[in-house]
Amino acid sequence: MTALQQTKRAIKKLLLGETTVPERFFVGMAEPQTEVTVWLQGMGTPLDVTLRHSMACAVPLIICLAFDKSDDLGRRHFDRLSLAFREERGEQRMLGEIGLRYHGTIPHPQLQLVLFTVKKVANYCLPGFRMSMHYLIRSYRQWKGSRKADIQMSFLDKRAVDILFICPRSVVLVSASDASGRNMFPMNVMGDLAQGTFAFALKNSKWPAQLVERTRRVVLSSVPQAQGSYAYRIAANHNRESIDWYQLPFPTKPSTSSGIPIPEFALRAREMEIEAVEHLGSHTFFIARIVQDKRYATGVELCVIHGFYQSWRMEHGVDRSSSLTEHERVRTEAH
Ligand SMILES: Cc1cc2nc3c(=O)[nH]c(=O)nc-3n(C[C@H](O)[C@H](O)[C@H](O)COP(=O)(O)O)c2cc1C
């Protein structure tokens, strides 16, 4: 390491302390996760929306909330709503908040699907000074353009994503196929809505969004933590128009309903039919109906959380060294 690199590292350590955790942090959890509850505030008694929301688009950041048809939504309250991310157990400490602004609705036969953008955010995972230092470094990197991201989120929206990923999000491998193309790729921008409805978002600029819009049918396979590194390995399939199933680095089996290849190691496979497609900005948002939910085995699944929340977990009892080792294994293990 050069003297300059050493100095940079020392300054970073001074500013960030023990909170230099990768932003996209991989953990293993039994699904559904029971660490964090997401509450909708501002419409009377807070409503548990942990299994009723999904990120719908990154630029601009849009969040979709699902309500029953019978819910009286009184639109006048919409701009007073916020999402609160709390510990599910123990002291139920507040971890983060996102203030919402009404954006629109998506027509749906069984649900009221309401879209929101972000008005303000508060993240309580790190002490104020450390959080400010992270934001400072992030702004500097954005300004310098050192992060060659294919989409550029606003500072506010990026902070809202940090909070959305306080709630552990499982990673799935999506299979889709038709006569002119087939693919399997990882995905985690998604969420249960309600009543057997599910939602997910894929970047417009990548091939999978076009494939899924065409096939209107997908299978989402959950990934055991032990096989987590495969999700990372086949991320490049987002850049492929089509793949050959036999080129996948693991064996497959046919899904029980449509017969599309899914990983042999899948713990659970959910087959879905696409009901609605919304082009929202950087992402295409898919609303799907679960037509079959097959559980093959139980076990710890691969999930993603934000590094700020992982720092909070390590401050509150999660072992630092073993969790960092496990994260690195997912990112680097070669099979
Ligand atoms: C674990 C994981 C989850 C991902 N989830 C999504 C997703 O939900 N939606 C999406 O459009 N892309 C998703 N991606 C794809 C990445 O955003 C990116 O497009 C892909 O890794 C290709 O990287 P590149 O653009 O740097 O070549 C995911 C990638 C990984 C590794």
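No lab work stands behind these numbers, since they all come straight from the coordinates. Source: prediction; values computed, not measured. So basically every Cβ, Gly included, is an ideal-geometry build from the backbone, and we count neighbours across all protein chains shown.
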Scan region 1-45 for residues that are free of Cβ contacts under 8 Å to residues at least 24 places away in the same chain, small (Gly, Ala, Ser) and in a loop (DSSP other than H, G, I, E, B) and jot them down. Gly44
Which residue is farthest from the ligand (Cβ to nearest atom), if the candidates are limited to region 223-244 and must be within 17 Å of Val172 (Cα to Cα) and of a type in the set (A, V, I, L, M, F, W, C)? Ala226
Against the conditions (1) more than 13 Å from the ligand (Cβ to nearest atom); (2) surrounded by fewer than 22 Cβ atoms within 10 Å (Cβ to Cβ); (3) touching a residue at least 12 places away in the same chain (Cβ under 8 Å); (4) of a type in the set (Gly, Ala, Ser), where does Ala269 fall short? Just the number, please. (2)
Hey, can you tell me all the residues within region 175-189 that are assigned to a strand (DSSP E or B) and under 14 Å from Leu302 (Cα atoms)? Pro186, Met187
Evaluation of Ile11 against (1) touching a His at 6+ places or on another chain (Cβ under 9 Å); (2) over 15 Å from Ala84 (Cα atoms) (one fails), failing number: (1)
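Condition check ((1) buried (at least 22 other Cβ atoms within 10 Å of the Cβ); (2) among the hydroxyl-bearing types (Ser, Thr, Tyr); (3) within 12 Å of the ligand (Cβ to nearest atom)) across all residues:
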position: Met153; (1), (2), (3): no, no, no
position: Leu156; (1), (2), (3): no, no, no
position: Ala160; (1), (2), (3): yes, no, no
position: Ile166; (1), (2), (3): yes, no, no
position: Ser170; (1), (2), (3): no, yes, yes
position: Leu173; (1), (2), (3): yes, no, yes
position: Asp178; (1), (2), (3): no, no, no
position: Met184; (1), (2), (3): yes, no, no
position: Val189; (1), (2), (3): no, no, yes
So the check is Cβ under 9 Å with 6+ separation or different chains; which pairs have a first residue in region 86-111 that's among the acidic types (Asp, Glu) and a second one that's in a strand (DSSP E or B) and loosely packed, with under 14 Cβ neighbours inside 10 Å? Glu87/Met94; Glu97/Lys120
Cβ-Cβ under 6 Å pairs, at least 6 apart or on other chains, region 223-237 side within 18 Å of Pro32 (Cα to Cα) and among the β-branched types (Val, Ile, Thr), far side part of a helix (DSSP H, G or I) and within 9 Å of the ligand (Cβ to nearest atom): Val223/Ala231
Taking the condition of being assigned to a helix (DSSP H, G or I) and buried (at least 23 other Cβ atoms within 10 Å of the Cβ), how many residues in region 278-335 meet it? 6
For region 238-249, give me each residue that is exposed (fewer than 15 other Cβ atoms within 10 Å of the Cβ), in contact (Cβ under 8 Å) with a residue 60 or more places away in the chain and under 23 Å from Phe26 (Cβ atoms). Pro249
Counting only residues that are surrounded by fewer than 16 Cβ atoms within 10 Å (Cβ to Cβ) and within 11 Å of the ligand (Cβ to nearest atom), region 205-222 contains a total of 1
Checked region 299-316 for anything within 14 Å of the ligand (Cβ to nearest atom) and of a type in the set (A, V, I, L, M, F, W, C); matches are Leu302, Cys303, Val304, Ile305
From Glu273, Glu213, residue being charged (D, E, K, R), in a helix (DSSP H, G or I) and more than 14 Å from Met184 (Cβ to Cβ): Glu213
Could you tell me which of the residues Gly128, Gly99 is small (Gly, Ala, Ser) and in contact with a Ser or Thr (Cβ under 6 Å, 6 or more places away or on another chain)? Gly99
Find the residue count for region 109-138, including only residues that are touching a Leu at 6+ places or on another chain (Cβ under 7 Å), in a helix (DSSP H, G or I) and polar (S, T, N, Q). 0
Out of all the residues in region 298-318, which are closer than 16 Å to Arg169 by Cα and among the aliphatic types (A, V, I, L, M)? Val300, Leu302, Val304, Ile305
